[in-house]
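These notes concern the structure reproduced below.
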Amino acid sequence: MKKIATSISGIIFLAVSGMPVYSANETKINVKDARTIFESKCSVCHKLEKTTSKNKTPAEWEKTVMRMIKSRGAKITDEEAKIIKGYLAENYGKRP
């Protein structure tokens with residue numbers, strides 16, 4: 001019961017603080033670290049402005065990241081891809 005209360009408190013804190021945490025295979029990562037992974041992996045091939053000037057749905061970001069890996073040879077692990085997709089969807093996602 002104490003674990004549940006602690007988890008709920010953490011979720012409430014993150015919701016109130018506006019600091020999303022991205023999860024990949026039980027790995028928790030904060031928005032600053034997610035941004036660092038995005039910047040270090042994606043800037044190898046192109047300027048980050050090319051990516052951050054876009055607004056896409058989570059499905060569109062999924063497609064984009066997977067295309068970079070499969071067609072363009074981006075050196076991104078599965079875990080990093082999940083983090084990058086989450087970061088992009090949260091920060092550069094289409095808004096209703």
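The values are calculated or read from the model by the stated rules, or taken from the named source; none is laboratory data. Small disclaimer: the values here were computed from a predicted structure and weren't measured. Here the Cβ is made from the backbone with ideal geometry for all residues, glycine too, and neighbour counts use every protein chain on show. Note: areas computed on protein heavy atoms with side chains; ligands, DNA, RNA excluded. Shrake-Rupley method; radii C 1.70, N 1.55, O 1.52, S 1.80 Å.
So if each residue of separation counts as 0.36 nm, and I subtract the Cα-Cα distance between Lys32 and Tyr92, what length gain in nm does that give? Kindly include the intermediate steps, with their values, before the conclusion.
Details: separation 60, 0.36 × 60 = 21.60 nm, distance 1.49 nm.
So the extension gain works out to 20.1 nm.
Roll a 1.4 angstrom probe over the protein heavy atoms and tell me the percent of accessible area of the stretch 34-81 that is carbon or sulfur.
Working: 1730 of 3290 Å².
The nonpolar share, carbon plus sulfur, comes to 53 percent.
Each Lys and Arg adds +1 at its Cβ and each Asp and Glu adds -1 at its Cβ; summed about the Cα centre, the stretch 37-96 shows a dipole of about 300 debye.
Given the pairs Lys28/Lys54; Lys28/Lys50; Lys54/Lys75, which are separated by over 24 angstrom at their Cα positions? Going by Cα-Cα distance, Lys28/Lys54; Lys28/Lys50 fall outside the 24 Å limit.
Partner lysines whose Cα lies under 18 Å from the Cα of Lys56, excluding those fewer than 8 positions away in the same chain, are identified as Lys47, Lys82, Lys85, Lys94.
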